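Asker: My questions will all concern the structure given below.
Each reported figure results from applying straightforward, stated rules to the coordinates on display, with no laboratory input. Keep in mind that what you see is a predicted model, and the values were worked out from it rather than measured. Every residue, glycine as well, gets a Cβ built from its backbone with ideal geometry; the counts of neighbours run over all protein chains shown.
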Amino acid sequence: MVRENWGSRAGFILAAIGSAVGLGNIWRFPGVAYENGGGAFLVPYLVALTTAGIPLLIMEFTIGRRYKGSAPVAFRRMNKNAEVIGWWQVAISIVIAVYYAAIIAWAGWYGYFSITQQWGEDPNAFLMGDFLQASDGFGDFGTWLPGIGIAMIAVWAFTLLVIGAGVKKGIETTSKVFIPLLLVMFAVLVVQALTLDGAADGLNSFFSPDWEAVREPGVWLAAYGQIFFSLSVGFGIMVTYASYLKRKSDITTSAFTVGFANSSFEILAGIGVFAALGFIAFESGVPIADQAYEGVGLAFIAFPTIINTLPYLAGLFGVLFFASLVVAGWTSMVSIVQVPVAAMEDRFGWSRIKATVVVGGAMAVVSLILLPTASGLMFLDVTDYFINQYGIAVAAPVSIAVVVWALWKWKALRDDANATSTFKVGPIWFVCLGVVTPIMLAGILYFNIRDLLTAEADSALYGYNQHQAFGWAIAIGALAFGVIMALLLRRKEVPAIESE
Ligand code: PHE
Ligand code: NA
């Protein structure tokens, strides 16, 4: 069977942007920047983008294109002992996909609720009570919430349909429609936000630089952490997408394009979100610092409050905001699900349809059992926390250390990338990738572990010990899955790379 290819360079770039631009851009970046020096945060952030994000993107693109395989096959072709990294990344992707679907489903409902402002006067009570029926106990998976469940079925069905249609007909076609649509919707939203009273104050508090902050190591680590998460690197996603590139495709220019497009969208989101937060601070008198400006709280509590208060076109504003979350999240979701599906195709010779139905179906079932329940929010919180803190801080540096140092592949990858790229990489790339990035990731890991050991419960909703036990079970389970798969497949050779 001949491996599929992207139909065009623009198609690949749009799909990679679709993966990169996600919930992290809209509900994570603005809050992280605000907390870490405001306008001054842009300095460490842009340094992180150029010294770590783009170099790692170049590495993953080159690995994918050179070895022509999803993560496990690509790493196996690189070295017989490296397959474990690919399966570990597959496991992490499976975990992310299982809870990502729920956030997209919630956002879908909230887009609909925006029209009638169905959340009423107290969006917090509505979210936790009527909508999620969030329980403070662990393992309340018995009550199935049909509203959320049905929306999640739609999310999964649409995702698997597109993946089943194939890289070119499914992923590329939808990216070409949804990424421009996302940009238009979000731009309209930002324009509307900028017309509101208090918008200028919101932007001032977002951009006003705190130069002292730039001296703190924690701020630099936050910048690197945001860049890794935001570019979807370290989870095998970009390796998988790049495996469908034609041999002669440009690598480095594509990496720069994806990196800068993603960051531009983050800054645009920062402007939109903080203009809106400035408005609600103006109306309510509650300063921005005391509002929910990140994550679930920002999207499902602060924004409904803003929508309740808007002087005009409130329904439109809400629909644009939640539709943006749905589209941004969904294109990322597709890229995550593609990782395990492609792994089964490549490694076991399954057809695309079989891999989509069996692997995608199994993930959908688990997701549909666990998430639309009273413990769904807790499950999501804990998994998200552990995957982001440890998935990135551990999986990414391990893959770099193996590729660059243990297998000393950076020269081969450099030559491979340079052979077809206008912009050439050299020793600077090696230093960024092999030295700066691992040091920064080790720093993030150190601070995360220290925080985890010293902090009390991360959320008031559930007990610290349960949180810990469950989080570690997932983190260790993902690694164990990788090791077991690699051991089981030790003797099973991978086919040679097919020529084009
Ligand atoms: N890059 C996505 C974002 O910014 C998040 C993501 C990470 C998606 C890893 C998939 C995998 O939101
Ligand atoms: Na992103």
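Asker: Which of rounded, prolate or oblate describes the range 344-500 when judged by the alpha-carbon gyration tensor and an a/c cut-off of 1.5?
Answerer: Oblate, since a/c reaches 1.5 and b/c is not below a/b.
Asker: Let me ask something else about it. Rg and Dmax in Å for the range 287-370, alpha carbons only: what are they?
Answerer: Cα radius of gyration and Dmax of the range 287-370 are 19.0, 57 Å respectively.
Asker: If R0 is 22 Å, what FRET efficiency do you get for residue 136 and residue 454 from their C-beta distance, rounded to 0.05?
Answerer: 0.40
Asker: Order the peptides 477-489, 268-280, 429-441 from the highest to the lowest mean number of other Cβ atoms within 10 Å of their residues.
Answerer: Sorting 477-489, 268-280, 429-441 by mean packing, highest first, produces 268-280, 429-441, 477-489.
Asker: Enumerate lysine pairs in the chain that are 8 or more residues apart or on different chains, then count those whose Cα atoms are under 14 Å apart.
Answerer: Total qualifying Lys-Lys pairs in the chain comes to 7.
Asker: I've got another one for you. What is the diffusion coefficient of the chain in µm²/s, taking the Kirkwood radius over Cα pairs and the Stokes-Einstein relation at 37 °C with a viscosity of 0.692 mPa s?
Answerer: In µm²/s, the coefficient rounds to 144.
Asker: Between the helical axis of 361-370 and the dominant principal axis of the chain, each derived from Cα atoms, what acute angle in degrees is found, rounded to the nearest 10?
Answerer: The angle comes out near 30 degrees.
Asker: Same structure, new question: Under a 5 Å amide H to amide H cut-off, with H placed in plane at 1.01 Å, what residues pair with residue 373 once short-range neighbours are removed?
Answerer: Correct list: 145.
Asker: A further question on this structure: Efficiency by 1/(1 + (r/R0)^6): what FRET value for residue 177 and residue 490, r their Cβ-Cβ distance, R0 = 30 Å, to the nearest 0.05?
Answerer: Working from the Cβ atoms, E equals 0.10.
Asker: Multiplying the sequence separation of residue 197 and residue 46 by 0.36 nm and subtracting their Cα-Cα distance, what value in nm do you get?
Answerer: Gain on stretching residue 197 to residue 46: 51.3 nm.
Asker: Moving on. Taking 1 over the mean of 1/r across every pair of different Cα atoms in the range 228-294, what Kirkwood radius in Å do you get?
Answerer: Result for the range 228-294, one decimal place: 14.9 Å.
Asker: Which semi-axis lengths, in whole Å and largest first, follow from the square roots of five times the eigenvalues of the Cα gyration tensor of the range 348-426?
Answerer: Semi-axes from the Cα gyration tensor: 37, 21, 12 Å.
Asker: Run the simple label-point estimate for residue 125 and residue 10 please: 7 Å along Cα→C-beta, distance reported in nm.
Answerer: Modelled inter-label distance: 5.1 nm.
Asker: Once a ≥ b ≥ c are taken as the square roots of the eigenvalues of the Cα gyration tensor of the range 100-157, is the result rounded (a/c under 1.5), prolate (a/b larger than b/c) or oblate (a/b not larger than b/c)?
Answerer: Oblate.
Asker: Does the range 177-252 come out rounded, prolate or oblate by the C-alpha gyration tensor, with a ≥ b ≥ c the root eigenvalues, rounded set by a/c under 1.5 and, if not, prolate when a/b is larger than b/c and oblate if not?
Answerer: The shape class here is oblate.
Asker: Then there is this: Once each part is reduced to its C-alpha centroid, what is the distance from the range 198-243 to the range 117-155 in angstrom?
Answerer: 30 Å
Asker: At 222 nm, what value in deg cm²/dmol follows for the chain if DSSP H runs of at least 4 each add -39500 (n - 2.57) and the sum is divided by all its residues, to the nearest 500?
Answerer: When only DSSP H runs of four or more count, the value is -20500 deg cm²/dmol.
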